[in-house]
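K.L.:
My questions will all concern the structure given below.
The values are calculated or read from the model by the stated rules, or taken from the named source; none is laboratory data. Here the structure is a predicted model, which means the values were calculated and not measured. Here the Cβ is made from the backbone with ideal geometry for all residues, glycine too, and neighbour counts use every protein chain on show.
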Ligand SMILES: NC(=O)c1ccc[n+]([C@@H]2O[C@H](COP(=O)([O-])OP(=O)(O)OC[C@H]3O[C@@H](n4cnc5c(N)ncnc54)[C@H](OP(=O)(O)O)[C@@H]3O)[C@@H](O)[C@H]2O)c1
């Protein structure tokens with residue numbers, strides 16, 4: 001049977017199976033077992049990046065093969081234990097979406113209720129299995145405004161229908177603002193103790209935070225600069241990169257550094273790096289947020 005696939009791209013796809021009464025779960029488990037739907041879930045999600053709530057991850061108990069897994073948890077030190085090296089952790093939905101955008105394939109929102117509810121405003125597609133049952137349950141799929149969505153495909157299966165939805169209007173843009181440190185067209189990078197890779201110094205500007213405060217905070221956390229050392233910090237250039245078709249809007253603020261910063265004890269080495277070198281250094285890494293958002297903006301602004 002021909003089935004519409006999900007091509008790669010920056011799409012946020014909700015994938016869920018829900019009953020006539022919108023139930024998706026009961027006591028932490030899915031209240032039905034339909035092997036055809038498991039096979040469908042696998043086909044739709046293979047090669048993509050799953051974002052799931054900690055409760056859903058616990059009910060599965062391991063990362064699913066062939067997919068990148070991001071778990072959202074509010075617990076600052078939550079880890080996937082023996083699978084920690086294969087499971088990425090985010091502490092908010094937007095952090096999970098930012099991170100997923102740096103990973104392979106589409107972003108698949110894999111549940112459960114809390115995660116579906118919070119991710120719905122960012123979703124571009126839904127791939128829903130309508131289960132022809134009315135089971136008891138304590139977890140439901142959220143209501144969505146049907147006129148904002150267009151049904152693009154409906155395929156009947158055993159006691160179910162698979163339905164594809166596409167959002168009619170574009171979803172809101174997520175703005176990611178980050179700070180980086182620059183001097184003579186070179187960015188400041190450090191190699192942390194015991195690691196072999198250099199990373200950009202800087203980080204995300206939190207909501208409501210001024211770029212100068214973010215610069216101080218990041219520099220203090222990462223290179224051990226005190227606010228006094230930062231006084232020669234010069235201009236902040238706000239650079240916008242809004243590639244058409246991208247959900248994420250990245251902004252980079254550059255703090256211009258004069259002089260040579262002192263480095264913190266946990267840093268083995270500090271280096272000013274040209275953009276090409278920094279890009280190559282970042283590419284085979286896990287593509288962290290900063291490298292993903294800041295470098296493309298800088299390269300656009302300062303083409304080599
Ligand atoms: N039928 C289906 O297609 C389907 C698919 C998936 C799941 N399910 C079912 O759904 C049920 C679970 O759903 P659920 O709503 O209880 O749980 P969930 O969304 O899987 O996970 C909830 C947890 O996610 C974390 N979380 C939620 N919002 C967050 C935020 N804004 N920032 C950081 N962390 C956040 C919290 O983890 P911490 O407590 O660690 O902070 C929270 O306890 C189960 O019954 C499961 O079987 C069904």
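K.L.:
Can you pull out the residues in segment 246-274 that are at pLDDT 80 or above and touching a helix residue (DSSP H, G or I) at 6+ places or on another chain (Cβ under 8 Å)?
P.N.:
The answer is 267, 270, 273.
K.L.:
State whether one or more residues within segment 132-140 are at pLDDT 95 or above, crowded, with 17+ Cβ neighbours inside 10 Å and in a loop (DSSP other than H, G, I, E, B).
P.N.:
Within segment 132-140, the first condition is being at pLDDT 95 or above, and the residues that meet it are 132-140.
With the extra rule that they be crowded, with 17+ Cβ neighbours inside 10 Å, the set shrinks to 137, 139-140.
Subset that is in a loop (DSSP other than H, G, I, E, B): 137.
Among the residues of segment 132-140, at least one is at pLDDT 95 or above, crowded, with 17+ Cβ neighbours inside 10 Å and in a loop (DSSP other than H, G, I, E, B), which makes the answer yes.
K.L.:
With the checklist (1) modelled with pLDDT of 95 or more; (2) surrounded by 16 or more Cβ atoms within 10 Å (Cβ to Cβ); (3) away from the ligand (no atom under 11 Å from the Cβ) in hand, flag the one item residue 102 doesn't pass.
P.N.:
The one condition residue 102 does not meet is (1).
K.L.:
Also: Output yes when any residue across segment 150-157 is in contact (Cβ under 8 Å) with a residue 40 or more places away in the chain and either buried (at least 19 other Cβ atoms within 10 Å of the Cβ) or under 24 Å from residue 28 (Cβ atoms) (or both), and no when none is. Steps first, answer last, please.
P.N.:
Filtering segment 150-157 for residues in contact (Cβ under 8 Å) with a residue 40 or more places away in the chain gives 152-153, 155, 157.
Next, only the ones that are either buried (at least 19 other Cβ atoms within 10 Å of the Cβ) or under 24 Å from residue 28 (Cβ atoms) (or both) stay: none.
There is no residue in segment 150-157 that is in contact (Cβ under 8 Å) with a residue 40 or more places away in the chain and either buried (at least 19 other Cβ atoms within 10 Å of the Cβ) or under 24 Å from residue 28 (Cβ atoms) (or both).
K.L.:
A follow-up question, please. From 114, 75, which residue is touching a residue at least 40 places away in the same chain (Cβ under 8 Å), near the ligand (Cβ under 8 Å from one of its atoms), surrounded by fewer than 18 Cβ atoms within 10 Å (Cβ to Cβ) and in the same structural domain as residue 37 (by TED's automatic domain parsing)? Walk me through how you get there before you give the answer.
P.N.:
Numbers: 75 fails: touching a residue at least 40 places away in the same chain (Cβ under 8 Å).
That would be 114, the only listed residue that is touching a residue at least 40 places away in the same chain (Cβ under 8 Å), near the ligand (Cβ under 8 Å from one of its atoms), surrounded by fewer than 18 Cβ atoms within 10 Å (Cβ to Cβ) and in the same structural domain as residue 37 (by TED's automatic domain parsing).
K.L.:
Follow-up. Residues 15, 44: which one is on the phi < 0 side of the Ramachandran plot, modelled with pLDDT of 95 or more and near the ligand (Cβ under 8 Å from one of its atoms)? Don't jump to the end; show me each part of the working.
P.N.:
Numbers: 44 fails: near the ligand (Cβ under 8 Å from one of its atoms).
15 is the lone residue from the list that is on the phi < 0 side of the Ramachandran plot, modelled with pLDDT of 95 or more and near the ligand (Cβ under 8 Å from one of its atoms).
K.L.:
Could you run through segment 117-126 and say how many residues are within 9 Å of the ligand (Cβ to nearest atom) and either at pLDDT 95 or above or in contact with a strand residue (DSSP E or B) (Cβ under 9 Å, 6 or more places away or on another chain) (or both)?
P.N.:
So the first thing to find is which residues in segment 117-126 are within 9 Å of the ligand (Cβ to nearest atom), and the list is 117-118.
Pick out the ones that are also either at pLDDT 95 or above or in contact with a strand residue (DSSP E or B) (Cβ under 9 Å, 6 or more places away or on another chain) (or both) and you get 118.
So the answer is 1.
K.L.:
Another one. In segment 58-68, what count of residues is obtained for those that are within 17 Å of residue 114 (Cα to Cα) and either touching a helix residue (DSSP H, G or I) at 6+ places or on another chain (Cβ under 9 Å) or within 7 Å of the ligand (Cβ to nearest atom) (or both)?
P.N.:
Here is the first cut: in segment 58-68, the residues within 17 Å of residue 114 (Cα to Cα) are 58-60.
Filter once more, so that each one left must be either touching a helix residue (DSSP H, G or I) at 6+ places or on another chain (Cβ under 9 Å) or within 7 Å of the ligand (Cβ to nearest atom) (or both): 59.
Residues in segment 58-68 being within 17 Å of residue 114 (Cα to Cα) and either touching a helix residue (DSSP H, G or I) at 6+ places or on another chain (Cβ under 9 Å) or within 7 Å of the ligand (Cβ to nearest atom) (or both): 1 in total.
K.L.:
Here's a follow-up. Tell me, which residue of segment 188-216 that is more than 16 Å from residue 267 (Cα to Cα) and in contact (Cβ under 8 Å) with a residue 12 or more places away in the chain is surrounded by the most Cβ atoms within 10 Å (Cβ to Cβ)? Lay out the reasoning, then the answer.
P.N.:
Within segment 188-216, the first condition is being more than 16 Å from residue 267 (Cα to Cα), and the residues that meet it are 203-216.
This time we only want the ones that are in contact (Cβ under 8 Å) with a residue 12 or more places away in the chain, so: 203-205, 211-212, 214-216.
Working: 203: 20, 204: 18, 205: 22, 211: 19, 212: 15, 214: 21, 215: 27, 216: 20.
Here the residue is 215.
K.L.:
Within segment 127-142, which residues are more than 10 Å from the ligand (Cβ to nearest atom) and out of contact with any helix residue (DSSP H, G or I) (no Cβ under 9 Å at 6 or more places or on another chain)?
P.N.:
Hits for segment 127-142 are 130, 132, 133, 134, 135, 136.
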